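The values are calculated or read from the model by the stated rules, or taken from the named source; none is laboratory data. Every value quoted in this text rests on a predicted model; they were computed, and no experiment measured them. Neighbour counts run over all protein chains shown; Cβ positions are idealised from the backbone, glycine included. We work out accessible area using only protein heavy atoms, side chains counted, and drop any ligands, DNA or RNA first. Shrake-Rupley method; radii C 1.70, N 1.55, O 1.52, S 1.80 Å.
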Amino acid sequence: MNVQFDFSGRHAVVFGGTTGINLGIAQAFARAGARVTVASRKQANVDAAVATLGDGALGLVADVRDEASVASALAQAAATHGPIDVLVSGAAGNFLAEVNGMSSNAFKVVVDIDLIGSFHVARQAYAHLRKPGASIIFITAPQAVVAMPHQAHVGAAKAGVDQFARVLALEWGPAGVRVNAISPGPIQGTEGMQRLAPQIQDGDATLRAIVPLGRMGTTQDIAHLAMFLGSDAASYVSGAVIACDGGAQGMLTPMISGAIAAQAPAR
Ligand code: HXC
Ligand code: NAP
């Protein structure tokens, strides 16, 4: 598919940008000419990601749960590549667990990564954003608006991310900073789908029943939307939480329920 954006001279930073959907976003910005920085916890992931991003890409180890680590990564990113034009906050954690099978720490770890981590990333980036003109993109999930079993922690965290994005758009709009969120549907070949519904493959009848466009999404589908939101083409788009899900409108609950049924005997 020939979708072209030009981000030459611009700096894109992607937290959680070393694997999966977020790496796909970082790669798309790099191909479009941006100077790219990616950050996540594991050095091996950082090294592997940077090797795919072309000359000059910066990879940093940072844990979004640790505000000082986020601040340090952002300072290094800005010192290396200059003011940040596009900031993507996509770090996340997930596992299937019902509330009765979840400790307080298990619930908290997902909230800490997905929601508090998004706060750390945005709050610490503000000083480094190019103002006016910068754009923030949060990566949320359908669980924010659709109840799914064994996803209470993710649902709570991502619902918080959605509303955080909307409030931030109000507060930072006057400085010329746009804030949006992307809610991907089922994206093929990702850790998220492997953890949630590993038996679902592109072309399955269950999937076709859930997704009107009849296929799983690709990381490129999400990257295209991220590039649109980060570009001047979206200069009047802010405070939006946009699904990129083939029309599924969050109707993924049957898929998750099926995955759980396949893994555990009925009670
Ligand atoms: C119950 C669990 C559990 C499970 C972990 N815990 N897995 N509880 N069921 N399956 C509990 C642990 O026992 C512990 O609680 C607490 O969670 C923290 O676990 P740690 O392993 O110490 O945490 P940590 O090493 O920080 O790892 C964080 C993680 C891990 C979230 C648990 O899975 C991770 O790093 N994930 C990153 C990659 C990822 O999840 N990608 C998918 C994103 S997809 P106790 O009480 O024992 O201390 C996504 C949405 C997809 O976000 C939507 C698709 C439609
Ligand atoms: P993924 O490959 O596991 O991506 C998660 C990334 O976050 C990894 O690069 C991971 O790298 C990083 N990360 C995790 N914890 C971190 C922390 N504490 N600090 C910094 N980085 C951290 O999963 P994915 O499936 O591509 O999902 C990417 C995003 O899309 C997530 O926000 C997810 O909620 C969302 N999403 C996915 C789907 C789907 O179908 N897959 C659907 C809807 C929404 P390290 O391990 O190196 O830290």
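Here are the numbers for the structure shown:
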read-out: Residue satisfying all of: in segment 112-129; surrounded by fewer than 20 Cβ atoms within 10 Å (Cβ to Cβ), more than 16 Å from ligand 1 (Cβ to nearest atom) and among the hydrophobic types (A, V, I, L, M, F, W, C); nearest to residue 77 (Cα to Cα) among these; value: 127
read-out: The lone exception for residue 99 - which of (1) aliphatic (A, V, I, L, M); (2) open to solvent by 60 Å² or more (accessible area, probe 1.4 Å); (3) closer than 21 Å to residue 172 by Cβ; (4) within 16 Å of ligand 1 (Cβ to nearest atom) it fails; value: (3)
read-out: Among residues of segment 103-136, those that are touching a residue at least 60 places away in the same chain (Cβ under 8 Å) and within 11 Å of ligand 2 (Cβ to nearest atom), counted; value: 2
read-out: Wholly enclosed strands (runs of 3 or more DSSP E) of segment 55-149 bearing at least 3 residues farther than 28 Å from residue 235 by Cα and touching a helix residue (DSSP H, G or I) at 6+ places or on another chain (Cβ under 8 Å); value: 58-61
read-out: Selected residue [open to solvent by less than 10 Å² (accessible area, probe 1.4 Å) and at pLDDT 95 or above] from 9, 17, 33; value: 17
read-out: Meets criteria (more than 16 Å from ligand 1 (Cβ to nearest atom), part of a loop (DSSP other than H, G, I, E, B), touching a strand residue (DSSP E or B) at 6+ places or on another chain (Cβ under 7 Å) and free of Cβ contacts under 8 Å to residues at least 60 places away in the same chain) for residue 33; value: no
read-out: Selection within segment 49-79 - among the polar types (S, T, N, Q) and touching a His at 6+ places or on another chain (Cβ under 9 Å); value: 69
read-out: Of the criteria (1) within 22 Å of residue 222 (Cβ to Cβ); (2) among the acidic types (Asp, Glu); (3) in contact with a strand residue (DSSP E or B) (Cβ under 7 Å, 6 or more places away or on another chain), which one residue 47 fails; value: (1)
read-out: Index of the failed condition, residue 56 passing every other in (1) out of contact with any Lys or Arg (no Cβ under 7 Å at 6 or more places or on another chain); (2) free of Cβ contacts under 8 Å to residues at least 60 places away in the same chain; (3) away from ligand 1 (no atom under 16 Å from the Cβ); value: (1)
read-out: Flag if residue 171 is at pLDDT 95 or above, surrounded by fewer than 15 Cβ atoms within 10 Å (Cβ to Cβ) and either among the basic types (Lys, Arg) or under 19 Å from residue 91 (Cβ atoms) (or both); value: no
read-out: Selection within segment 207-266 - in contact with a Lys or Arg (Cβ under 8 Å, 6 or more places away or on another chain), within 20 Å of residue 170 (Cα to Cα) and either assigned to a loop (DSSP other than H, G, I, E, B) or open to solvent by 70 Å² or more (accessible area, probe 1.4 Å) (or both); value: 235, 237, 238, 239
read-out: Matching option when the condition is without any contact (Cβ under 8 Å) to a residue 40 or more places away in the chain and either touching a strand residue (DSSP E or B) at 6+ places or on another chain (Cβ under 7 Å) or not charged (D, E, K, R) (or both), among 72, 89; value: 72
